[in-house]
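Participant: For reference, the structure I am asking about is given below.
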Amino acid sequence: MHNTLPHRRLLTFVIPILLTGLVTFLMAGALYFAHRHYEQQVISAVQQQQLATTQSMACAIGEIISEVRQDLTYLASRREPASGIAILSEQIGRYYDINGDIYNDIIVVNSSGEPICRVPNSPEEVLPPRWPEIEEVRKGRQSVISKAAICSVNGESEVRVLVPVRSGNELVAIIGGCISLNKLWDKCRASMGTDRNLSYWIVNDVGQIIYGPRTEHVGLNWRDLESECHGANTHADGNRGEIPPHELTFVDHSLKGEEGVAECCNALAGGNLELTAFTRIPLDDARFNLIATVDKQIFTAPVARHARMTYTFLAGLTLLFLLAAYISYRSAGTQARLDEEGKRVADRRRAEEELRRAKERAEAANVAKSEFLANMSHEIRTPLTAILGFADLLLEHGNLAKAPPERIEAVHTIKRNGDSLVRVINDILDLSKIEAGKMTLERTACSPFQIVDDAVSLARVSADAKGLPVELEFEGPIPETILTDATRLRQVLINVTANAVKFTELGSVRIITRLDEDGSRPRLVFDVVDTGIGITPEQVPLLFQPFTQADTSTSRKFGGTGLGLAISKRLARALGGDITVVDTKPGRGTRFRISVATGPLDGVRLIASSDLAHDAGTVRTGEAGDKASPPLLACRILFAEDGPDNQRLIAHVLRQAGAEVTVAENGQIALEAAIEARERGRPFEIILMDMQMPVLDGYAATLKLRQEGFTTPIIALTAHAMTGDREKCTQAGCDDYATKPIDRRKLVEIVRKYRRVTQVS
């Protein structure tokens, strides 16, 4: 390590090394004690399972011996006094044929101790005495009772069961069953499925091994072997450590009727440390011990292997940390740059996340706003249909000359305010569409003169009531047609002109039109000049803010929502132009300038201003002369509407136009009426369908009618006027779409149009 290293880089190398060493030491210590604790838990669990298995094996041996004793006792009791020994031998033979899988043999001796028969050998063979108990009976040294014992003869371990055969109180014979301990053991293992790793031993009351894993173990003394292994600290398998003396006396404990577990060094297993479980075999008054041993390494080796792997992993992890410290030492400057870059990335991600959340909130707010506007439009337009429709009926029918002037004025007031409310709703919906980016423009070739003339004609209606002249002027020639959205351009001109008329009490309002070709693309410019109240330059920016007016006092005096100019400015920009205030003074009026793009003018004829004035008179005269009474409707119409007022109004309008109208209160009734009329052979020719009705709405009713095979024109009547509502109606199967409040003349014209289509088809 160089002394010239910066202090900071030195710390980035030394501190990780110190921390790594400390953490490694603590982790190594914790892992050591954890593995020791886990090893003790494994040993304890194995010993408990080993003890339970040993107890089960001892009980199984005792149960089998008890069953053998019962079988032999039953055979001894079956001999009748007159039957003799031959019958007994025959019964024993049959019994052996059935249960000979665990017997070495079954022998019968008489009361003198002389062998009578032996199964499986034939009775004629010479049968020397085999059991000390039988010799004692022959010599009369003890009374004969049923007993069992485990012994070893010529290296083979077996269980011997003696059962006396009596006739009254007289001893007639003795049946001795010699059971192979190996066969008995295999039977117990097969029935219990014990662990094959266990080695079982049977030791008698003096410590002699009666049964062991191998034949050469039989006859050895277990205590001597334990004592021999107890001092073998330097055994060939390594230093196993000294076994505490109290763990070497489990045979003596078992002889006292106890049972338990121990850990000992087994000389017969090569001096390995073994886990030992011991218990008594329930066999009369004889004391035999069942001992189960298993090599400790079988269970501790995986723990030790896991410990070695853990320590190896810890060592590798330590080296990895040291390598990381070295890399950090070598690249401290790079790390600083990476940290800075990471911070910038994190900041950018946080900004993106905030932007995403803000977008989601804005979209959710926009959805909520759209839903509100749709519901608001529907709930207001529906009653407005009845209000404006019945107001028109009051003005058109009856002798108005006999009506009081106040009543006529009241009806005009209702209609005027209803129309104003419709304009407010339309302005709000237009603003919502523009802000949501859903305002669509249809640029087609149209006459700019016709558009501005329409705007002036509408402005003159309100201007005439105030005694104001509205003048239309042209500066130079203008194109015969331009490529723009005629509806939206007309809306902009009407809004700005109506605004000028509203704020002008004296003087005049002028609309000056000219073509501007100075820029890179031609534009049509409209100047709307009034002599009204005017505004200050500071108030100009407020004019184009939604729901805002230049002065709050003007809203109280002149009314209005403050939406007209805001919408107009956005529409003008969408049409490739703008709206600006070029001149204004308080008390002297204002000059608004509207500009829109004309589109390409190649091949478009320019019309002089004198020709335009002549065309205006011709157009208006032609319009007045062309008005004639339209032909009456002669068709059957099904009208679905849930509102009683609108039912009466629209049905009256259609019937007045000559149609036969059937009214349905909801979509379900309309569906049933259409099917019934078709079955009668008088189908409806036109269906007017309100789209929001109870039971079955207009969308579902229209869809079902189309599924039933109806090709009748269906016209949607709805109070929903949001973007996408027309497409929704069309997708449901409607042929056309009309919004509420319903314009009576337009409705009749739509019906007449589709009536003509039906007649042609």
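Participant: Which of the residues belonging to the range 571-594 are open to solvent by less than 70 Å² (accessible area, probe 1.4 Å) and out of contact with any Asp or Glu (no Cβ under 9 Å at 6 or more places or on another chain)? If you could, list the steps in order and put the result at the bottom.
Facilitator: Here is the first cut: in the range 571-594, the ones open to solvent by less than 70 Å² (accessible area, probe 1.4 Å) are 571-572, 574-582, 584, 587, 589-592, 594.
Listed by number, the residues that qualify are Gly576, Gly577, Asp578, Ile579, Thr580, Val581, Thr584, Gly587.
Participant: Now for a separate question. Looking at the range 487-502, can you tell me whether even one residue there is of a type in the set (Gly, Ala, Ser) and part of a helix (DSSP H, G or I)? Spell out how you get there, then give the answer.
Facilitator: Let us first name the residues in the range 487-502 that are of a type in the set (Gly, Ala, Ser), namely 498, 500.
Add one more test, that the residue is part of a helix (DSSP H, G or I), and what stays is 498, 500.
Within the range 487-502, one or more residues are of a type in the set (Gly, Ala, Ser) and part of a helix (DSSP H, G or I).
Participant: Do the conditions hold for Gly176, that is, is it farther than 28 Å from Thr293 by Cα, modelled with pLDDT of 80 or more and not hydroxyl-bearing (Ser, Thr, Tyr)? Show your work before the answer.
Facilitator: Values: farther than 28 Å from Thr293 by Cα: yes; modelled with pLDDT of 80 or more: yes; not hydroxyl-bearing (Ser, Thr, Tyr): yes.
Here the answer is yes, as Gly176 does meet what is asked.
Participant: Is the range 43-59 home to any residue that is at pLDDT 75 or above, open to solvent by less than 100 Å² (accessible area, probe 1.4 Å), farther than 30 Å from Glu274 by Cα and within 53 Å of the chain's Cα centre (by Cα)?
Facilitator: Residues of the range 43-59 at pLDDT 75 or above: 43-59.
Within this subset, residues satisfying the condition of being open to solvent by less than 100 Å² (accessible area, probe 1.4 Å) are 43-47, 50-59.
Retained after the next criterion (residues that are farther than 30 Å from Glu274 by Cα): none.
No, because not a single residue in the range 43-59 is at pLDDT 75 or above, open to solvent by less than 100 Å² (accessible area, probe 1.4 Å), farther than 30 Å from Glu274 by Cα and within 53 Å of the chain's Cα centre (by Cα).
Participant: Looking at this structure, is Leu483 in contact (Cβ under 8 Å) with a residue 60 or more places away in the chain and either more than 60 Å from the chain's Cα centre (by Cα) or not in a helix (DSSP H, G or I) (or both)?
Facilitator: yes
Participant: Here's another thing I want to ask about it. Quick check on Val470: is it under 60 Å from the mean Cα position of the chain (by Cα) and at pLDDT 85 or above? Spell out how you get there, then give the answer.
Facilitator: Numbers: under 60 Å from the mean Cα position of the chain (by Cα): no; at pLDDT 85 or above: yes.
No.
Participant: Continuing with the same structure: Run down Val492, Val501, Val496 and say which single residue is of a type in the set (A, V, I, L, M) and either free of Cβ contacts under 8 Å to residues at least 40 places away in the same chain or more than 13 Å from Ile594 (Cβ to Cβ) (or both). Reasoning before the result, please.
Facilitator: Working: Val492 fails: either free of Cβ contacts under 8 Å to residues at least 40 places away in the same chain or more than 13 Å from Ile594 (Cβ to Cβ) (or both); Val496 fails: either free of Cβ contacts under 8 Å to residues at least 40 places away in the same chain or more than 13 Å from Ile594 (Cβ to Cβ) (or both).
Matching residue, one of Val492, Val501, Val496: Val501.
Participant: So, one more: So, of the residues in the range 639-687 that are in contact (Cβ under 8 Å) with a residue 60 or more places away in the chain and among the aliphatic types (A, V, I, L, M), which turns out to be surrounded by the fewest Cβ atoms within 10 Å (Cβ to Cβ)?
Facilitator: Val653
Participant: Here are Leu654, Leu612, Leu649, Leu632: which of them is over 13 Å from Leu747 (Cα atoms) and at pLDDT 70 or above? Step through it out loud before you land on a result.
Facilitator: Working: Leu654 fails: over 13 Å from Leu747 (Cα atoms); Leu612 fails: at pLDDT 70 or above; Leu649 fails: over 13 Å from Leu747 (Cα atoms).
Being over 13 Å from Leu747 (Cα atoms) and at pLDDT 70 or above holds for just one of Leu654, Leu612, Leu649, Leu632, which is Leu632.
One line per residue, one yes/no per condition, for (1) of a type in the set (Ser, Thr, Tyr); (2) closer than 18 Å to Ile579 by Cα; (3) open to solvent by 40 Å² or more (accessible area, probe 1.4 Å):
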{"site": "Arg460", "(1), (2), (3)": "no, no, yes"}
{"site": "Glu475", "(1), (2), (3)": "no, no, yes"}
{"site": "Ile482", "(1), (2), (3)": "no, no, no"}
{"site": "Val501", "(1), (2), (3)": "no, yes, no"}
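Participant: Hey, another quick one. All but one of (1) open to solvent by 20 Å² or more (accessible area, probe 1.4 Å); (2) touching a Leu at 6+ places or on another chain (Cβ under 7 Å); (3) modelled with pLDDT of 75 or more hold for Glu158; state the number of the condition that does not hold.
Facilitator: (1)
Participant: Give the residue, chosen from Ala358, Ala368, Ala332, that is at pLDDT 75 or above, out of contact with any Leu (no Cβ under 8 Å at 6 or more places or on another chain) and surrounded by 10 or more Cβ atoms within 10 Å (Cβ to Cβ).
Facilitator: The match here is Ala358.
Participant: A further question on this structure: Give the range 521-544 a look and list any residue that's open to solvent by 20 Å² or more (accessible area, probe 1.4 Å) and of a type in the set (D, E, K, R), or say none.
Facilitator: Listed by number, the residues that qualify are Arg521, Arg523, Glu538.
The values are calculated or read from the model by the stated rules, or taken from the named source; none is laboratory data. As the structure is a computational prediction, the values presented were derived from the model and not from experiment. With ideal geometry, Cβ positions are generated from the backbone for all residues, glycine too; neighbour counts draw on all protein chains shown. The accessibility values were calculated without ligands, DNA or RNA, using every heavy atom of the protein model including side chains. Shrake-Rupley method; radii C 1.70, N 1.55, O 1.52, S 1.80 Å.
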